[in-house]
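Every number here is computed from the coordinates shown, using simple stated rules; none is lab data. Because the structure is a prediction, the values reported are computed rather than measured. Positions of Cβ are generated from backbone atoms using ideal geometry, with glycine treated the same way; all protein chains shown enter the neighbour counts.
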Amino acid sequence: MKTIAPEDADEAQEQDFKPLSAQEAAQWRSRHPPVSLWSLVAGQALVGGLVALLIWLVSGNAQAGWSALYGAFAVVAPGALLARGISRPSDGGAASAVMARFFGWELAKILVSVALLLAAPRLVPDLSWLALLLGMVITMKAYWVALWVRPGVRATN
């Protein structure tokens, strides 16, 4: 019998796929505990506060610190909204309904972020856009660190 070679890498990978047994799946879950959305939001808030303090101390300008803190807030508040929205208990439902719910809350998160940025010049006196952007970007990327340092990430078996 002639064996047909896979046409691409995805097909080759699909042929090598072996489902986990219930015991293997339980072991994998014990080595990779789920990450709490709230711990990620709290980590971002902590990083945002530290960035604002650092910018204030380095620049000697309290308004730059407040601008950076507002930038962090423009990331953390919508992130908390998303976490609250998708962590609420649901009736189960189809996968498409779950995804629609996620995308709905993600859209709400984006709209709140944009609204906070548009309101920034009116809410923060003597706004420093550079400090605000630094606070936003660093806070936004903080979840990568939180995911990397969580327990079980570097464990190998």
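Summary of computed values
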read-out	value
Derived scalar couplings ³J(HN,Hα) [the range 99-114; Karplus, 6.51 cos²θ - 1.76 cosθ + 1.60; whole Hz; x for Gly, Pro]	5, 4, 4, 4, 5, x, 5, 5, 4, 4, 4, 5, 5, 5, 4, 5
Formal net charge of residues neighbouring G85 (Cβ-Cβ distance under 10 Å; K, R +1; D, E -1)	+3
Over 22 Å [Cα-Cα, the range 36-149], rounded percent	38 percent
Inter-site label distance for A119 and W144 at 7 Å from Cα along Cβ, in nm	2.9 nm
